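*Asks:* For reference, the structure I am asking about is given below.
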Amino acid sequence: MNNRYVLIMAGGVGSRFWPLSRLEKPKQFLDILDKGESLIQQTFRRFKSVCPEENIFVVTSAEHKKLVISQLGIRADRVLAEPFRRNTAPCIAYGTFRIRNENPDAVIAVTPADHLIEKEDEFSGVINTAFDFAEKSGALLTLGIKPDRPETGYGYIQANEKKAVPGYKRLLQVTAFTEKPDIELAKVFLQSGDFFWNSGIFIWSTAAILAAFEKHLPDIYSTFDDGRKFLGTKKEEAFIAQTYASCVSISIDYGIMEKADNVYVLCSDVGWSDLGTWSSLYEHSARDKKGNSIIRGKVFSYDNKGNIINIPGNKIAVIQGLEDYIIVNEEDVLLIVRKDQEQNIKHYLDDVKKATGEKYL
């Protein structure tokens, strides 16, 4: 257990959940499901069952470091602050080099801070299996989710059933990563049985992932390797500021996983969702007999169907005659958008920014 580490990626801004998610307090720090815990608190608790608590690191933006410490109650040196957002590859490189300085034999689970896992006991078993395989094999392992519908909002992993790993259930060699498909291709993926949703959760040994960085992203590798002596010291902040200023912004999927030849997928059904949109939140929320999901607030509903509604607890809302809308009321912003148009929320947010600056972001 002492060689097990977790790296929680908590640097996102959650703009698709605006106006609930704001720059000051993004989605991962919110109790968006009204369960008494923020999403990052759920993630932290979930991994404490498979890893020593002191071995859990969080990478977040510099402005949210204090918020992470406050919500999780962890040591300040376990929170790694990014001065700029540079996508997942630099984030993972930073965390991995920092962990290697502490334990060169570490096996690391990398996870987003804001995903939903409904079957937590099954998830713990899957992660235990993943740690075991990653430690023994030197492979790059990702968690694949068995699809139950033709979803166009996720990337997919194609796996080879003929290359199953002996001694492990549903652990397969990856054939290919694919980008988010259109609906017709998503239907083909579902029918084939060879494709799994890409969860964005990875498990690997420190040695395996750093070898992959050295081969596929040598500039990022050499930059962090040259300055590794600064990590965990008073010079770390200055080194990271300089490094991130010139570091390329690239995802771990595009930079490494799509290129490496030692990638495996552990196929699972753990009740996973990335909660990436209001519609995905709707799918995982309780609904009344008309299909309305009231996340928060007191709502008097008349002739409404299929809506998701979130209003402050100190307000009431009287709503009549709406179907398939997102209705979110914060103290200073009211959002009313059709669910099938929610991909445009980012564009609406750009217009708000142009007109009012960052006041409402």
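*Asks:* Can you give the % of DSSP beta bridges in the chain that are antiparallel, to the nearest 5?
*Replies:* Working: 27 of 60 bridges.
Counting only bridges with both partners in the chain, antiparallel ones make up about 45 percent.
*Asks:* How much length is gained if the chain between residue 49 and residue 241 is pulled fully straight, taking 0.36 nm per residue apart and subtracting their Cα-Cα distance, in nm to one decimal? The partial results should precede the final answer.
*Replies:* Details: separation 192, 0.36 × 192 = 69.12 nm, distance 3.36 nm.
Contour length minus the Cα-Cα distance gives 65.8 nm.
*Asks:* Let me ask something additional. Enter the Cα centre distance for the pair the range 8-69 and the range 254-294, rounded to the nearest angstrom.
*Replies:* What the calculation gives is 17 Å, centre to centre.
*Asks:* Put a dot 7 Å past each Cα toward the Cβ at residue 346 and residue 179; how far apart are the dots in nm?
*Replies:* 1.3
*Asks:* Something else: What accessible area, in Å² to the nearest ten, does a 1.4 Å probe give for residue 334?
*Replies:* That residue has around 110 Å² of solvent-accessible surface.
*Asks:* Using heavy-atom solvent-accessible surface (probe 1.4 Å) with all chains present, what is the largest-first order of 236, 54?
*Replies:* Working: 236 25, 54 100 Å².
Per-residue accessible area, sorted high to low, gives 54, 236.
*Asks:* Computed FRET efficiency, Cβ-Cβ of residue 234 and residue 85, R0 22 Å: what is it to the nearest 0.05?
*Replies:* The value I calculate is 0.35.
*Asks:* Further, regarding this structure: Enter the angle in degrees (range 0 to 90, nearest 10) between the Cα long axis of helix 39-48 and the first principal axis of the Cα atoms of the chain, meaning the one along which they spread out most.
*Replies:* 40
*Asks:* Something else about it: On a 1.4 Å probe surface of the protein chains, which of 243, 277 comes out largest in accessible area, and what is the full order?
*Replies:* 277, 243
*Asks:* Order 237, 63, most accessible first, counting only protein heavy atoms with a 1.4 angstrom probe. Intermediate values should be presented prior to the final figure.
*Replies:* Values: 237 155, 63 125 Å².
My answer, sorted largest first, is 237, 63.
*Asks:* Looking at this model, which pairs from 27/315; 65/298; 48/359 are more than 28 angstrom apart at the alpha-carbon?
*Replies:* Distance filter (> 28 Å) returns 65/298; 48/359.
*Asks:* Restricting to DSSP H runs of at least four residues, report the calculated mean residue ellipticity at 222 nm for the chain, -39500 (n - 2.57) per run over all residues, nearest 500 deg cm²/dmol.
*Replies:* -9000 deg cm²/dmol
*Asks:* How big is the gap, in Å, between the Cα center of the range 166-204 and the Cα center of the range 84-136?
*Replies:* Each part reduced to its Cα centre gives a spacing of 19 Å.
*Asks:* Measure off, as a whole percent, the carbon and sulfur share of the 1.4 Å-probe accessible area of the chain, all protein chains present.
*Replies:* Of the solvent-accessible surface of the chain, carbon and sulfur hold 48 percent.
*Asks:* Quick one: how many Å² of residue 168 are accessible to a 1.4 Å probe, rounded to 10?
*Replies:* Solvent-accessible area, nearest 10 Å²: 50 Å².
*Asks:* Tell me, in nm to one decimal, what length is gained between residue 360 and residue 332 on full extension, where the rule is 0.36 nm per residue of separation less the Cα-Cα distance?
*Replies:* Value of the extension gain: 9.3 nm.
*Asks:* Then there is this: Could you calculate the FRET efficiency of residue 254 with residue 290 from 1/(1 + (r/R0)^6), where r is the beta carbon distance between them and R0 is 41 Å, rounded to 0.05?
*Replies:* The pair residue 254/residue 290 has a calculated efficiency of 0.45.
*Asks:* In whole angstrom, note down how far apart the Cα centers of the range 230-245 and the range 311-361 are.
*Replies:* 39
The values are calculated or read from the model by the stated rules, or taken from the named source; none is laboratory data. Just so it is clear, the structure is predicted and the values come from calculations on it, not from any experiment. Cβ atoms come from the backbone with ideal geometry, glycine included; neighbour counts cover every protein chain shown. With ligands, DNA and RNA removed, areas are computed over all heavy atoms of the protein, side chains included. Shrake-Rupley method; radii C 1.70, N 1.55, O 1.52, S 1.80 Å.
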